[in-house]
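The values are calculated or read from the model by the stated rules, or taken from the named source; none is laboratory data. A quick note: this is a predicted structure, and the numbers were derived from the prediction, not measured. Here the Cβ positions follow ideal geometry from the backbone for every residue, glycine too, while neighbour counts run over all protein chains shown. Surface accessibility is based on the protein's heavy atoms, side chains included, excluding ligands, DNA and RNA. Shrake-Rupley method; radii C 1.70, N 1.55, O 1.52, S 1.80 Å.
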Amino acid sequence: MQQVVNQMDSKMPKKLLLLDVDCGVDDAQAMMMALAAPNVQILGITCTHGNTKIENVCKNVLRVLKLCQRMEIPVYRGASTSLLGELLHDPAYHGEDGLGDVPDPNAPGLEYLQAEHAVNAMIRIVTEHTGQVCLVAVGPLTNVALAAKMDPTFPSKLKCLYIMGGNMEARGNVRVCSEFNFVTDPEAASIVLSHFTCPTYIATLEYSLRHRLPWDFFQKWINQNTEKAQFMKKITALTAKFTKGDQGSKELHFGHGFVSCDSYAMAAVIDESVVTEHAQYGVSVELHGSLTRGMMVLDTLDLLKLKHKAIVFLKCDMEKFKQLLVNALK
């Protein structure tokens, strides 16, 4: 019976994905989850500033693709700063290079990047596959906003948009009331949430933190006897130390455990049943508050009468999520 099911799965059309990343540790985990999923096809990976400078982001993506033997996937360099020219990066969590400061001397160089700019590639790929592509954005939304501004039809050509970012309860992780991806480019986040009319799904900071993984699972996960697990053990050492320490406990709330923020959005793309509860709200981004700039605002009372409502994740099937993580390191 299992063989018959697998044969049926192999004949089903694959989900077409376009990934937009600021490749830090959790981006790498999310990418590896998608690369291991048999039901998806990654059409390209676009890079943006965020967890580290753009050159490192590009190198990190290529490093992950080489590890997973998927160098055929095209990688594009995108925005190096926010729309206003700002750059926000704290090396304490992801390391200066974005992958835990454990460089690989044999990692691919920037010569493997495509010559085409990430935003142009986004528009081209989505136009070539109109109505078929799910865009998974797990970094600051600069590239995504630029694509919408350069081609106003871009948002309507997407099948759907998955975002890791924003917050539901005015709790921040790098600012008092703001989550990292949104506050790194609030204008871009505002443009995306106000311009995009395709189905939009958001894995917020609180959703990620409320579904922490126990440290015993994390230890078993990174100590599997595979090359991918050895890589994961190296790049997560700094992040795990930060999260377990006093500084980490102040930054990250809702208990103790391992959190792979970007992987929660990616898991939902791969398997929609991973999300067991969600809510639908109009959403916007605060741009002017001295304490709240970059905060995502949920219009729970529908006072703003926004036509487009985003689907905000609330609860996760942790067993299915764990399995996707395990599969990523096989």
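Structure summary
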quantity: Amide H within-cut-off set for K15, under 5 Å, with H built and near neighbours excluded; calculated: V40, Q41
quantity: Carbon/sulfur fraction of accessible area - the range 110-266, other protein chains in place, 1.4 Å, %; calculated: 52
quantity: Amide H partners (placed H, <5 Å) of G282, local residues excluded; calculated: D299, A310
quantity: Modelled FRET efficiency - R0 22 Å, E72 with V174, Cβ distances, 0.05 increments; calculated: 0.05
quantity: Residue-normalised accessible area of the chain, given per residue in Å² at a 1.4 Å probe; calculated: 43
quantity: Kirkwood estimate for the range 105-158, i.e. one over the average of 1/r between Cα atoms, Å; calculated: 12.4
quantity: Violating pairs (Cα-Cα greater than 31 angstrom) within the set K11/K320; K11/K66; K15/K244; K53/K233; K233/K315; K59/K244; calculated: K15/K244
quantity: Contour excess over end-to-end distance, with Cα ends at A107 and K220 and 0.36 nm allotted per residue; calculated: 38.1 nm
quantity: Beta bridges by DSSP in the range 200-330, antiparallel share as percent, to the nearest 5; calculated: 85
quantity: Bridge type composition, the chain - antiparallel percent by DSSP, nearest 5; calculated: 30
quantity: Approximate spin-label separation T153-Q323, in nm, with each point projected 7 Å along Cα-to-Cβ; calculated: 4.1
quantity: Rounded if a/c under 1.5, otherwise prolate or oblate - the chain, Cα gyration tensor axes; calculated: rounded
quantity: Gain on full stretching of the segment that runs from H308 to T130 - 0.36 nm per residue minus C-alpha separation; calculated: 62.1 nm
